[in-house]
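Working notes for the structure below.
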Amino acid sequence: MSGAEGKEAAAAGDPGRSLGPGDASPDEGVVEDLPLIDEKAVEQLTEGLISHYLPDLQRSKSALQELTQNQVVLLETLEQEISKFKECNSIVDINALFSEAKHYHNKLVNIRNEMMMLHEKTSKLKKRALKLQQKRQKEELEREQQREKELEREKQLTAKPAKRT
C-alpha cells in the first residue's frame, strides 16, 4: 500500500490500518472543501431533511396540542370535583349545626317543662301558705275571743260590793 492509498484506506475507515502520527486527521481539509459545496445540493439536502422530519414533528405538535387540551379538561374536572368535596364538607358542617340546634332545642324544651313544673309547685305552695295563714289568723282570732270571754267571765265572777240601800 502506498502512502496515498493508506490515507484513503484510513479515511475510509479501513480497520486494517490505524492512523499514525504522520497521517492527516479525517477533519483536515474540510474547511477547504466548503467552497466546493453546491448551493443547490445544500437546498436539496435541507428540503430532504425537512421533508423527512416535518411530518413527524407535525404529528408530535398535534399530539402535544391534544395532550394540552386533555390536561385543561382534566384540570377543570378536577376543580369541579374539589368543589364537590368542599360542598360535601359544608353539608357535613350544616348537618352538625342542625344536630347541635336540635340538641339545644331539646334542652330548651326540658327547661320550659321544668319551669312550668316549678310554677305549678310554687302556685300550690302559695295557696297552701295562704290557707295556713288564714287558718293561723282564725286560730289567733278565736284565741283572742276566748281570752276576751274569759276576761269577761272573770269580771262577772269577781265580787262586786253590794250597794247600800
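Just one of the numbered conditions (1) open to solvent by 100 Å² or more (accessible area, probe 1.4 Å); (2) modelled with pLDDT under 90 is not true of Ile94: (1). Pairs are defined by a Cβ separation below 7 Å, a sequence spacing of at least 6 or placement on different chains, a first member in the range 78-89 that is modelled with pLDDT of 90 or more, and a second member that is surrounded by 10 or more Cβ atoms within 10 Å (Cβ to Cβ) and part of a helix (DSSP H, G or I); no pair meets this definition. Inclusion of Arg128 among residues that are free of Cβ contacts under 8 Å to residues at least 12 places away in the same chain and surrounded by 10 or more Cβ atoms within 10 Å (Cβ to Cβ) is warranted.
The values are calculated or read from the model by the stated rules, or taken from the named source; none is laboratory data. Keep in mind it's a predicted model, so treat the numbers as computed, not measured. Don't worry about glycine lacking a Cβ; one is built from the backbone with ideal geometry, like all the others, and counts go over all protein chains shown. SASA here: full protein model, heavy atoms, side chains in, ligands and nucleic acids out. Shrake-Rupley method; radii C 1.70, N 1.55, O 1.52, S 1.80 Å.
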